[in-house]
Amino acid sequence: MLQVALLTQPDRIHWCDGSDSEFAALTTQMEADGTLIPLNPQTHPRSWLHRSHPDDVARVEHLTFVCTSERDDAGPNNHWMAPADGHAQMDSLFEGCMRGRTMYVIPYCMGPIGSPLSRCGVEITDSPYVVANMRIMTRMGAPALARIEREGRFVRGLHSTGELDPNRRFIMHFPEELTIKSYGSGYGGNALLGKKCHALRIASHQARGEGWLAEHMLILGIENPQGETHYIAAAFPSACGKTNLAMLIPPEGYRRDGWKVTTIGDDICWMRPGADGRLYAINPEAGFFGVAPGTSQKSNPNALATIQHDTIFTNVGLTADNQPWWEGIDNGQVPVTDWRGEPYDPAKRPAAHPNSRFTVSARQCPSWSPMAEDAQGVPISAIVFGGRRASLVPLVFEARDWAHGVLVGAAMGSETTAAATGAVGVMRRDPMAMKPFCGYNFADYFAHWLSFDKPGAKLPKVFHVNWFRKGDDGKFLWPGFGDNLRVLEWMIERVEGRAGAVETPIGNLPREGDLHIDDVPLSDEARSKLFGFDAPGWRSEFASIGEYLDGYGARLPAALKAVRSSIAAQMEPR
Ligand code: O2Y
Ligand code: MN
């Protein structure tokens, strides 16, 4: 800490205790200097709008580095720099960068304070906005500090907003030293270091060494009418509806029958084998940093209820009476000011930035499960992988076994979204939705996943879903949202050995009668595309998967190659 202060030269140092009074003082100060704009206190008590710099609105994958001693340990999936060069580059940026500013020291815990699965960190930052967000997103303050003092081992994060110059912006990870350095961005995953930097990039590396998994997955609980609960972890690439699925409200008939869905987490999942061989999961986060656009009473009533108070909005529009507004909110109101603070002009830009966000405590969510605080975590019955695929990929299929499931995850592809800078709508491979977040070589990561299949293991079943299949008219074929429970129900029945399926080379597909979809209006085209297996299309998909995996060279596990080749061979015309 002293070294950091000597390097960065802050005017003041503040140790964060995570108290209400500290939060109140920080928000008052940020209101005074314009960092936070208070929202309408009648409609959105204790809530604020923050406008980030217009060039600082998303994660920056091209400026994100993993600095391992050996380049190959970071792998072709990461930008790499030698640790000494990375430190030198970052430290030259940090030199004197906090002059005139306060340096905040944030002790935090990712996961319930008393859980053996949790891990701690300390973020040093010059951004009070980051402190306020970290307080919502992590267990921050005195209890975390006590655990850090007890354990002695923690992730070190150093962040400065710097001058917000995109040419002087880097997010660097030193997994071998459990260290993160981030400069030049004040936004989301670039700056709230507990989230993507710690809980995914550093944690994935740490997890490999310690025999667990740090994944980009939501966790939800499904309680059936008999009162039994199954927990499901699901990986989708950024902005593909993880928050919506995590907070799903069952269709009316299901609610009437007694089905309930509860939320453990919407973005990150840490899992490890328990004494009984099952995988147990915690959500390392305490809050949601959710995408605002598209959130509505129809798409996600739980999220909308969650963000009615005590919420920080970033880069949304405003109505005339200071209520937050975004495209798709669909509440009959109109924006007058856009996310840049200019009069709203739809010809110029949307009212809310497509990657605008809300930061809110998970406990405010009506579907929040107290099991999110369980120190042992929740046992996972099924792992779901999914992507945004307009064509080819059916609604759902089940992997035959764990190794096949690992291939299904490794082969995941999806169309890109606004969550990161760069082109939107381009199909890219995003294994396990971890492309931007895996802190080491994907080939080793796949091997780590495969290693969980050992004697005594009772691993979850693995599935793949595609809620985004389109018809010839370009419209989505599956209604999604609450109706996704129908698909999750089939998964649970498969886990319990109660539901039917048809075997195909890509895995087991439900026949129409295996899902409860009688009351879902689906056209003939929808039925054939959602439940069909297109052999020629999958032949070329498997060729493309093979080319992609070959990019990982000799480190790619032979077992993964073998599963791919055997499926590809099954699809060859006889
Ligand atoms: O981290 C950001 O700056 C935006 S992207 C994001 C935010 C919350 C949860 N997930 C993501 C993501 O990109 O996966
Ligand atoms: Mn995410």
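Okay, here's what the table says:
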quantity: The range 62-125: relative contact order in percent, alpha carbon pairs under 8 Å with at least 6 residues between; calculated: 21 percent
quantity: The chain - charge dipole about Cα centre, Lys and Arg +1 at Cβ, Asp and Glu -1, debye rounded to 20; calculated: 500 debye
quantity: Sparse-neighbour loop sites [GluC sites (Glu not before Pro); the range 178-284; at most 14 other C-beta within 10 Å; DSSP]; calculated: Glu228
quantity: Filter on Lys195/Lys461; Lys298/Lys470; Lys298/Lys461; Lys195/Lys348; Lys195/Lys529; Lys195/Lys298 - keep pairs with C-alpha separation over 25 Å; calculated: Lys195/Lys461; Lys298/Lys461; Lys195/Lys348; Lys195/Lys529; Lys195/Lys298
quantity: Between the range 205-259 and the range 494-532, the alpha-carbon center distance in angstrom; calculated: 20 Å
quantity: Calculated SAXS-style log₁₀ I(q)/I(0) at q = 0.20, 0.26, 0.29 Å⁻¹ - the range 29-93, Debye, Cα scatterers; calculated: -0.83, -1.08, -1.16
quantity: 10 °C / 1.306 mPa s Stokes-Einstein diffusion coefficient of the range 169-298, Kirkwood radius on C-alpha pairs, µm²/s; calculated: 97 µm²/s
quantity: Over the range 523-574, equivalent-ellipsoid semi-axes from the Cα gyration tensor in Å; calculated: 28, 12, 9
quantity: Separation of alpha-carbon centers, the range 308-380 and the range 112-190, rounded to whole Å; calculated: 23 Å
quantity: Computed helical MRE - 222 nm, the chain, DSSP H runs ≥ 4 contributing -39500 (n - 2.57), nearest 500; calculated: -7500 deg cm²/dmol
quantity: Rounded to 5, percent antiparallel among DSSP beta bridges of the chain; calculated: 65 percent
quantity: Over the range 288-357, volume per residue of the alpha carbon convex hull, in Å³; calculated: 84 Å³
quantity: Cα-centred dipole magnitude for the range 288-357, charges only on beta-carbon of K, R (+1) and D, E (-1), debye, nearest 20; calculated: 180 debye
quantity: nm² value of the averaged projected area, convex hull over the Cα atoms of the chain; calculated: 25.9 nm²
quantity: Relative contact order computed over the range 374-492 (Cα-Cα under 8 Å; 6+ residues apart), in percent; calculated: 39 percent
quantity: Relative contact order (%) - criterion: Cα under 8 Å, at least six apart; region: the chain; calculated: 15 percent
quantity: Charge dipole (the range 289-343, unit charges on Cβ, about Cα centre) - positive-most of Gln323, Gln333, Thr306; calculated: Thr306
quantity: Ranked packing of 339-349, 186-196, 264-274, most packed first, by mean Cβ within 10 Å; calculated: 186-196, 264-274, 339-349
quantity: Set of aspartates and glutamates with alpha-carbon distance to Lys181 below 14 Å, sequence-local pairs under 8 removed; calculated: Asp85, Asp91, Glu95, Glu123, Asp126
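Taken together, the values in this text are just the output of simple stated rules run on the coordinates, not laboratory data. None of the values given here were measured: they were computed from a predicted structure. A quick note on method: Cβ atoms are made from the backbone with ideal geometry, for glycine too, and the neighbour counts reach across all protein chains shown.
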